[in-house]
Amino acid sequence: MGEGRILIVDDEHAICRAWGRALRTNGYAVAEAHSLREAQQAVRRERFDAIFLDICMPGGRGDGLFETLKELPGRKPAVAITSKYLDAETTRRWYLSCFATVPKPIDPATLLGFAADMTGGAGDRYPAWLTHVAEQYRLSKRSIQVIEAWAVRGLTYAETAKNLGISVSTVRTHWHRVCTKTGCRTKTQVLLLAGRADRR
């Protein structure tokens with residue numbers, strides 16, 4: 001049985017009901033939002049472990065929720081983008097920020113598989129490319145957290161330090177270790193490792 005709180009963001013109520021039923025039956029606590037505005041209100045009001053986020057909705061594209069999530073303190077939920085029309089541009093744009101991009105329709109087994117992956121690991125939920133990079137270069141958990149916060153989410157050194165509960169000097173130390181191990185010197189070079197990891 002699964003554990004964790006999941007937010008389903010989709011303007012199609014039937015999809016929310018079906019996915020919610022499957023997730024609740026398997027032990028998850030589920031909340032629903034049917035627009036970008038409702039989703040923004042939900043993440044400001046409650047903490048979620050994972051979000052299934054539709055892109056094409058009336059009143060605002062679902063991926064606008066990423067900007068809201070950036071503003072929130074503390075640990076961020078894992079996000080899986082879902083859409084009937086997952087074009088290459090959307091996939092590339094959010095590849096670094098989200099856990100996965102999942103084309104609809106989604107069968108129950110696939111839904112539950114993603115839910116388990118996104119809610120497991122007590123904070124070790126990172127995009128697949130970052131996990132590959134961490135394994136390849138033997139990066140520490142803290143170094144991965146620094147990459148995810150500073151390079152992927154675009155936080156400043158001070159914001160990264162506050163987010164992770166460490167000092168700015170510690171953030172700089174881990175970034176130096178990342179650069180030493182990977183041979184990279186800039187954020188852009190680190191993010192380009194995503195493409196190499198995706199081809200492994």
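Taking a point 7 Å from the Cα of Thr173 along the Cα-to-Cβ direction, the residues of the stretch 127-147 with backbone N closer than 17 Å to it are 139-147. Among the listed pairs Lys141/Lys187; Lys70/Lys181; Lys76/Lys187, a Cα-Cα separation exceeding 24 Å is found for Lys70/Lys181. In the frame of its principal axes, the stretch 128-198 has Cα extents of 31, 19, 19 Å, reported largest first. The relative contact order of the stretch 5-119, computed from alpha carbon pairs under 8 Å that lie at least 6 residues apart in sequence, is 25 percent.
Short-range pairs are left out: with C-alpha atoms under 8 Å and at least six residues apart, the relative contact order of the stretch 128-198 is 41 percent. Label positions at Lys187 and Glu38, each projected 7 Å from the Cα along the C-beta direction, are separated by 3.4 nm.
Every read-out reported here was derived from the displayed coordinates using simple, explicitly stated rules and does not represent laboratory data. Everything numeric in this text was worked out from a predicted model, so none of it was measured. All Cβ positions, even for glycine, are placed from backbone atoms using ideal geometry, and neighbour counts span all protein chains on display.
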